[in-house]
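Novice: Mind having a look at this structure? Questions to follow.
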Amino acid sequence: MAPLAVHIKHAGKVHDVELDPDLPPTAFKEAVYQVTGVPIDRMKVMVKGGVLKDDTDWKKVAPKAGQTFMVIGAAGELPKPPEKPVVFLEDMNESEMAQVLAMPVGLRNLGNTCYMNATVQAMRAIPELRIALGTSFPLDVLPKALRDLYNSMSQTTESVVPASFLNVLRQVVPQFSELDRSKAGMMSGYAQQDAEECWSQITNALKEVPGIDDSGCSVSGKKFVDQFMTGEMRRELKCDEDENEPPTVSTERVLKIECNISNTTNYMLTGIMDALNQKVEKNSSFLMREAIYSQTSRMSRLPSYLTVHVVRFAWRRDIGKKAKIMRKVKFATEFDALDIVTPELAQKLTPVSRRLKEIEKERTERRKVRKRTKVAQSSTPAPSASRSDMNVDEPQAAPTAAPGELEEEDVCRSRELAELEGLVDPSLKEDFGCSVTGLYDLVAIVTHKGAQADAGHYMGFVKKSVFHGGNTVNGSASRPEKGFDEDDEDWYKFDDDKVSIFPKEKLGTIDGGGEDSSAYVLLYKSKTLG
């Protein structure tokens, strides 16, 4: 039925509005509110048989064009027009829809390219990388291709064909152009590659991308990978067979830490410690022969983004090729890196780390209280005030917080941020891009499915908060975008061009233990102070 042009009479004035009998009465009340300023909760629209209710059937009312309806209720402030005109989805182009829907897109598989797709999606969990690529000119060929690919992915709602980036990757890293020798003739194609190797090669290609400052501007003299992805490892080598031989200490820059898997490894931290504490055999200048040494490695610098390589593939001499280690190894969604740092760095990190853990518990409790309060308020009807109780000549008192009422979250966050920043060691403040807390959240995962190292299937997983959590460059005061629940711990699963929600409860299914998907590369982001 076509909309009807009707009239409403309120406070001695007549207004023209439109009534659509196909829509519920609330839509008509909203139209009345737009011209009279009478809030819907205290509005009475008189119709045949009494007052128009939200569930009234328009067929019983039988409105006619030109009919006049009486409206009763005290008007408030008239609604303000929107700052920007309303645009409907059907009127948006793909770029605008991608921003509104905020659903990340997948990448088409171009023939055994899942290793690259999973890696690119996981690296997208580093927002500072996208900023650095967008503010640095000129860029080398691979960083430029990656920037263009990320731009394409953010401007569409359809899966993207990464042909241009793949061609550049194969030019820069010829090993990714290897052909599959297991197939011949018309069936031949490119071979499957290792996603961890792809991660390392792309990271190496990004080493010349200029760094950024805390405002997101490009800075000369610094490199992005050095700032945000590179740690420093202090290694001490001590001879087990001669106490008089002094230990040797060296420092190297590392882009990842490894998690070794043995017959007794059940947890990621255990595998990491096994890799950091090793026995090596080397020639002793004191003993003039081969001797056993204890090598102890600890991080003397923690980057904002810490990459953990779960060593799933090992060379087997009996079969003459790499084989997958199937063992189930539980990884942490929150990682306290103080166990793997030098005593000197641990001393700098401990004050802010300890206090941040306490504050996070307080924030969780506040969110619970706010949610309970919101539910209670929504279920309690607002008290109505009669006209006799209102005195228009008396000024309204400013609202005051009820006893025990929580402060605004932004106020709490600002106070906490000031306290935490006061605990950060000055040397860490100066090192922009390092972790100042030593505490990490897992934000991205690359998994491998299958039993063979040179086959199988790779997928990427990225935490939803990466796309909706209100990330900032300096990481000091990041607040989630409007409408995003801070308690939403779910993930996005990127299976080439298929993107789906992956519940946090299912993360335990990618710990390994069989031929199904097993965590292979883990990306951790340093916890922010805000």
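Novice: Given a Förster distance of 22 Å, report the FRET efficiency between Asp226 and Thr251 from their Cβ-Cβ distance, rounded to the nearest 0.05. Write down the numbers at each step before the final one.
Specialist: On the way: r = 14 Å, r/R0 = 0.65.
With R0 = 22 Å, the Cβ-Cβ based efficiency is 0.95.
Novice: Report the full-extension gain for the segment Gln377 to Thr26: residue separation times 0.36 nm, less the Cα-Cα distance, to one decimal in nm.
Specialist: Going from the current span to full extension adds 124.2 nm.
Novice: If you don't mind, there's one more thing I want to ask. Treating each Cα of segment 173-287 as an identical point scatterer and ignoring solvent, apply the Debye formula and state log10 I(q)/I(0) at q = 0.15, 0.21, 0.23 Å⁻¹.
Specialist: -0.98, -1.15, -1.22
Novice: Here's another thing I want to ask about it. As a test question: what accessible area, to the nearest 10 Å², does Phe286 have when a 1.4 Å probe is rolled over all protein chains in place?
Specialist: For Phe286, solvent-accessible area is about 120 Å².
Novice: Less than 15 Å from a label point 7 Å out along the Cα-to-Cβ axis of Lys13: which backbone N atoms in segment 31-71 qualify, by residue?
Specialist: 32-39, 71
Novice: In the structure displayed, which of Lys13/Lys374; Lys357/Lys429; Lys29/Lys504 lie more than 30 Å apart, Cα to Cα? Mind showing how you got there, number by number?
Specialist: Details: Lys13/Lys374 38 Å; Lys357/Lys429 19 Å; Lys29/Lys504 42 Å.
Checking Cα-Cα distances, Lys13/Lys374; Lys29/Lys504 exceed 30 Å.
Novice: Here's something else I'd like to know. Filter the trypsin sites (Lys or Arg not before Pro) in segment 268-350 down to the DSSP loop ones having no more than 11 other Cβ atoms within 10 Å, then list what survives.
Specialist: Arg317
Novice: So which trypsin sites (Lys or Arg not before Pro) in segment 172-237 pass both tests, a DSSP loop state and at most 10 other Cβ atoms within 10 Å of the Cβ? Could the numbers behind the result be given before it?
Specialist: On the way: sites: Arg181, Lys183, Lys207, Lys222, Lys223, Arg234, Arg235; in loops: Arg181, Lys183, Lys207.
Sites meeting the loop and neighbour criteria: Arg181.
Novice: At a 1.4 Å probe, what is the % contribution of carbon and sulfur to the accessible area of the chain? It would help to have the intermediate numbers written out before the result.
Specialist: Working: 14950 of 28930 Å².
That share works out to 52 percent.
Novice: Also, I was wondering about something else. Loop sites only, by DSSP: take the GluC sites (Glu not before Pro) in the chain that have at most 16 other C-beta atoms within 10 Å and name the longest stretch containing none of them. Display every interim value, and only then the final one.
Specialist: Values: sites that count: Glu77, Glu83, Glu158, Glu178, Glu208, Glu241, Glu243, Glu405, Glu407, Glu408, Glu481, Glu486, Glu489, Glu515.
Here the longest segment lacking exposed loop sites spans 244-404.
Novice: Defining a contact as two alpha carbons under 8 Å apart and six or more residues distant in sequence, what relative contact order in percent does segment 217-329 show?
Specialist: Numbers: 195 pairs, mean separation 35.5, N = 113.
It rounds to 31 percent for segment 217-329.
Novice: Full extension from Ala451 to Asp148: what is 0.36 nm times the residue separation minus their Cα-Cα distance, to one decimal in nm?
Specialist: 105.6 nm
Novice: To two decimal places, what compactness ratio does the chain give when its Cα radius of gyration is scaled by 2.2 N^0.38 Å?
Specialist: 1.29
Novice: Could you tell me the largest-minus-smallest coordinate of the C-alpha atoms of segment 118-163 on each of the three principal axes, in descending order and whole angstroms?
Specialist: Sorted from largest, the Cα extents of segment 118-163 read 29, 20, 19 Å.
Novice: Between Ile292 and Asp91, how high is the FRET efficiency from 1/(1 + (r/R0)^6) when r is the Cβ-Cβ distance and R₀ = 60 Å? Nearest 0.05.
Specialist: Once the sixth-power term is evaluated, E becomes 0.25.
Novice: Of Lys256/Lys324; Lys348/Lys525; Lys449/Lys525; Lys238/Lys322; Lys368/Lys493, which sit over 22 Å apart, Cα to Cα?
Specialist: As for pairs spanning more than 22 Å Cα to Cα, those are Lys449/Lys525; Lys238/Lys322; Lys368/Lys493.
Novice: For a quick check of understanding: with a 1.4 angstrom probe and all protein chains in place, what accessible area in square angstrom does Thr364 have, to the nearest ten?
Specialist: 50
Novice: Using a 1.4 angstrom probe and counting only protein chains, how large is the accessible area of Tyr190 in Å², to 10?
Specialist: 90
Novice: Compute the accessible area per residue over segment 168-306, keeping the other protein chains in place, probe 1.4 Å, unit Å².
Specialist: Per residue, segment 168-306 has 53 Å² of solvent-accessible surface.
Novice: Also, I was wondering about something else. Could you tell me which trypsin sites (Lys or Arg not before Pro) in segment 1-75 are loop residues by DSSP with no more than 16 other beta carbons within 10 angstrom of their beta carbon?
Specialist: Values: sites: Lys9, Lys13, Lys29, Arg42, Lys44, Lys48, Lys53, Lys59, Lys60, Lys64; in loops: Lys48, Lys53, Lys64.
Passing sites in segment 1-75 are Lys48, Lys53, Lys64.
The values are calculated or read from the model by the stated rules, or taken from the named source; none is laboratory data. Note that the structure is a prediction, hence the values are computed from the model and not measured. Every residue, glycine among them, receives a Cβ derived from its backbone with ideal geometry; neighbour counts consider all protein chains shown. Side chains included, ligands, DNA and RNA excluded: accessible areas come from the protein's heavy atoms. Shrake-Rupley method; radii C 1.70, N 1.55, O 1.52, S 1.80 Å.
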